[in-house]
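Worksheet: one structure, shown below.
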Amino acid sequence: MNIAVCDDNELFLREIGRRLQSLPIVDSTVMFSDLDAFLLSIDSGKHYDAVLMDIEWEMNAGGMDAAAELFKLCPETKIIYVTGHVERFSQHIFLNRVSLSGFLSKPVDAELLLANLQKVADALKYQEQPSLILQQQGAPVSIPYREIYYIESRGHTVCVHTEGEVTTAYERLDSILRSLPAGFYQCHKSFIVSMGKIRRFRSGEVLLKDGSLVPVSRARYAETKEAYFSYMGSRF
């Protein structure tokens, strides 16, 4: 991933820069101590997958205003707000229209930093691979991830269920699982469910938005529920 960091504290920039360079999921980092220079780089064609944006600036209008400008130029770039004044700004971060992905407090916790960047990486994976590709009778079949409700293993085949349609192919469920982006979870040895399609949990199963019922094994019920709430919370 290509990361930009915007902060008027040079010490913070150096420290966060060292941390980012040590992370395998980060390909490059660019530091900005001036928001005008940052926006000029965007306007000249530079692209960043995520921006760590300090909220409070002494010499500029502020990080939230810059993030709003960024959204107009590159709406796909994810914003992770950073501040040392959580109580002052926590109720304001949703007022401007931005592609908000996270919120970190200073001093930045290393595990939370990595978790926020991993969330961006997962979103990029979803964007880069928008479809599940299956081989059906020697020809590739593309099924958009957003259309999949659940995937079922039946013997030596898998059945991919979309709304009103089932696509069958000779595949292994575990190999399918490895190719899926965040948002899918194996809730049973024979079933993978799209968490965005879940309407509610019931005893031993989940009800999906199209009315389908997918079994959840007793051993995986608690962790499936936890994964669902974690996934839904990451979307806001």
Criterion (more than 26 Å from Leu117 (Cα to Cα), in contact (Cβ under 8 Å) with a residue 12 or more places away in the chain and surrounded by 13 or more Cβ atoms within 10 Å (Cβ to Cβ)) met by exactly one of Glu152, Glu205: Glu152
Residue satisfying all of: in the stretch 63-108; surrounded by 17 or more Cβ atoms within 10 Å (Cβ to Cβ) and among the charged types (D, E, K, R); modelled with the highest pLDDT among these: Lys78
Condition broken by Leu173, with the remaining ones in (1) of a type in the set (A, V, I, L, M, F, W, C); (2) touching a residue at least 60 places away in the same chain (Cβ under 8 Å); (3) in contact with a strand residue (DSSP E or B) (Cβ under 9 Å, 6 or more places away or on another chain) satisfied: (2)
Among the candidates Ala121, Ala219, residue that is small (Gly, Ala, Ser) and without any contact (Cβ under 8 Å) to a residue 12 or more places away in the chain: Ala219
Every residue from the stretch 20-62 that is among the basic types (Lys, Arg) and modelled with pLDDT of 95 or more: none
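The values are calculated or read from the model by the stated rules, or taken from the named source; none is laboratory data. As the structure is a prediction and not an experimental result, all values here were calculated from the model. For neighbour counting, all protein chains shown are included, and Cβ atoms are generated from backbone atoms with ideal geometry for every residue, glycine included.
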